1. Which ones in region 321-335 are in a helix (DSSP H, G or I) and either outside the structural domain of GLY399 (by TED's automatic domain parsing) or surrounded by fewer than 17 Cβ atoms within 10 Å (Cβ to Cβ) (or both)?
2. Tell me the residue from TYR60, TYR136 that is among the aromatic types (Phe, Trp, Tyr), part of a loop (DSSP other than H, G, I, E, B) and under 30 Å from GLU176 (Cβ atoms), please.
3. In region 409-424, is there at least one residue being within 25 Å of ILE305 (Cα to Cα), surrounded by 19 or more Cβ atoms within 10 Å (Cβ to Cβ) and under 23 Å from the mean Cα position of the chain (by Cα)?
4. Which residue, of THR259, THR268, is within 16 Å of the ligand (Cβ to nearest atom) and out of contact with any Pro (no Cβ under 9 Å at 6 or more places or on another chain)?
5. Which of the following residues is among the small types (Gly, Ala, Ser) and closer than 21 Å to VAL248 by Cα: SER387, SER427?
6. Considering only region 291-303, how many residues are in a helix (DSSP H, G or I) and either touching a residue at least 40 places away in the same chain (Cβ under 8 Å) or under 19 Å from GLU142 (Cβ atoms) (or both)?
7. Give region 72-91 a look and list any residue that's in a helix (DSSP H, G or I) and closer than 19 Å to LYS14 by Cα, or say none.
8. Can you tell me which of VAL404, VAL397, VAL338, VAL355 is in a strand (DSSP E or B) and closer than 26 Å to LYS436 by Cβ?
Amino acid sequence: MTTKDTLIQKLQDKTAKIGILGMGYVGMPLAVVFAEKGFNVLGIDPDQRKVDTFKKGISYIQDVPTETVARLQKAGKLDMTADFAALAEMDAVSICVPTPLRKTGDPDMSFIVSATEQLSKYVHKGMVIVLESTTYPGTTRELMTPMLTRNGESGLVVGEDLFICFSPERVDPGREDWTTYNTPKVMGGMTAACAEVATAWYAGAIETVVPVSSVEAAEMAKLLENTFRMINIGMVNELALMCERLGVDVWEVIDAAATKPFGFMKFTPGPGLGGHCIPIDPLYLSWKMKEMNYNAKFIELASEINTNMPRYVVSRVLEALNDRGKTLKGNKVLVLGVAYKPDIDDVRESPAFDVIALMMKKGAKVEYHDPYIPHIHHEHEGWKMSSIPDADLMEKVAGADAVVIITNHKNYDYKAILDKAQFIFDSRNAMGKMGKASEKVVRL
Ligand code: SAJ
């Protein structure tokens with residue numbers, strides 16, 4: 001039996017040892033889906049706090065129930081360690097580490113490089129490695145593979161001894177209908193044999209695996225998915241600016257267009273683009289294209305529009321207060337919702353930070369409430385703030401000169417808020433028809 005066949009056999013009879021490198025919002029659900037399907041899975045993460053929490057049988061990922069972690073751990077199917085040396089025992093490793101941006105706006109590849117450096121110490125014959133982190137096309141072939149084979153010095157032949165692939169993660173935090181198990185998974189290999197091995201592995205735990213011809217095709221497919229979203233969100237954000245100038249209700253326009261049963265996909269305007277994917281991933285593509293002397297115009301324009309939305313929101317709040325004989329300076333503002341999207345506990349890249357900072361700079365006394373986010377810390381400006389207690393919410397709503405809805409969590413009682421508030425700026429159309437009909441509400 002060839003090395004490839006032996007490895008496929010171990011993956012198909014689930015005697016293979018699986019390592020998930022990076023146990024965050026992507027790695028943990030992936031580890032769980034493999035363990036649920038009978039694989040022996042070891043999560044490897046340098047953050048000892050994560051490991052300690054896991055060892056107590058507690059899940060630190062909102063989308064993964066603690067009961068699941070405890071059950072799989074008890075069944076001996078899922079364990080965690082902070083020790084990278086455990087990689088030496090693994091037959092198959094998925095890399096699920098962050099790919100943020102540097103302050104300069106360039107890709108921060110440090111997490112992929114560090115994970116690959118560690119893994120390269122333990123790579124052995126008969127191992128399959130899948131990179132899941134969203135990154136620019138060429139990362140797997142030009143950066144990761146030379147490091148894993150130590151530029152050929154390891155003597156391992158890719159496609160015969162060692163199998164390397166890229167498979168983009170498609171986790172949508174907070175979503176329950178499409179999960180890691182039932183969301184189709186694209187898989188591109190450094191060689192056809194690499195794709196064959198990784199497809200055999202993932203098909204043992206994920207409902208649909210979609211092989212493509214190369215790692216670049218898989219890397220680019222992910223960037224298309226997220227660039228598509230970022231540009232369309234930028235377009236509706238600009239539509240909101242145009243409708244405001246035209247005196248047309250952008251929410252009504254979008255709802256009307258969305259009645260078209262084909263050829264249209266609904267996006268809604270908002271206070272800006274949050275999350276660790278949509279505002280960031282397309283900039284990995286535009287950075288790579290700049291390296292190749294090509295300017296990705298759509299990405300640059302959409303990024304400019306989306307980045308400007310917090311400032312636009314604050315200008316609209318100022319204008320609405322002015323219409324009411326007030327201003328921001330010295331007045332009380334209550335921001336509702338600071339998570340980057342509704343019903344989740346994540347604030348990464350949330351536009352709420354910029355909206356709050358801008359209003360504070362104009363002298364407003366700003367407080368916030370978010371049922372999911374007890375504290376926020378503005379890293380660049382250094383200020384910290386805690387959510388007002390739930391018990392004080394209605395009193396604070398009534399006492400605020402302006403209530404500004406930034407994130408429309410489902411569990412707010414919008415009717416009660418409307419009754420109590422003096423004035424509401426609704427950047428998400430959270431109030432819907434109620435808001436449209438009320439003198440107290442101005443919508444984006
Ligand atoms: N947003 C808008 N208008 C919209 C949709 C979203 O302003 O019409 C904003 C959201 O408020 C949020 C940001 O854009 O601040 C990103 O929203 P998102 O719904 O794309 O949420 P993410 O980033 O958590 O998840 C996305 C996935 N979302 C969906 O497919 C719905 C998906 O693109 C990826 O699987 C995931 O990023 C990823 O990890 O790449």
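The values are calculated or read from the model by the stated rules, or taken from the named source; none is laboratory data. Computed from a predicted model, the values in this text were never measured in an experiment. With ideal geometry, Cβ positions are generated from the backbone for all residues, glycine too; neighbour counts draw on all protein chains shown.
1. Within region 321-335, ASN322, ASP323 qualify.
2. Result: TYR60 is the single residue among TYR60, TYR136 that is among the aromatic types (Phe, Trp, Tyr), part of a loop (DSSP other than H, G, I, E, B) and under 30 Å from GLU176 (Cβ atoms).
3. Within region 409-424, one or more residues are within 25 Å of ILE305 (Cα to Cα), surrounded by 19 or more Cβ atoms within 10 Å (Cβ to Cβ) and under 23 Å from the mean Cα position of the chain (by Cα).
4. The unique qualifying residue is THR268.
5. Result: SER427 is the single residue among SER387, SER427 that is among the small types (Gly, Ala, Ser) and closer than 21 Å to VAL248 by Cα.
6. 6
7. Once the filter is applied, which keeps residues that are in a helix (DSSP H, G or I) and closer than 19 Å to LYS14 by Cα, region 72-91 yields LEU72, GLN73, LYS74, ALA86, LEU87, ALA88, GLU89.
8. Going through VAL404, VAL397, VAL338, VAL355 in turn, just one is in a strand (DSSP E or B) and closer than 26 Å to LYS436 by Cβ: VAL404.
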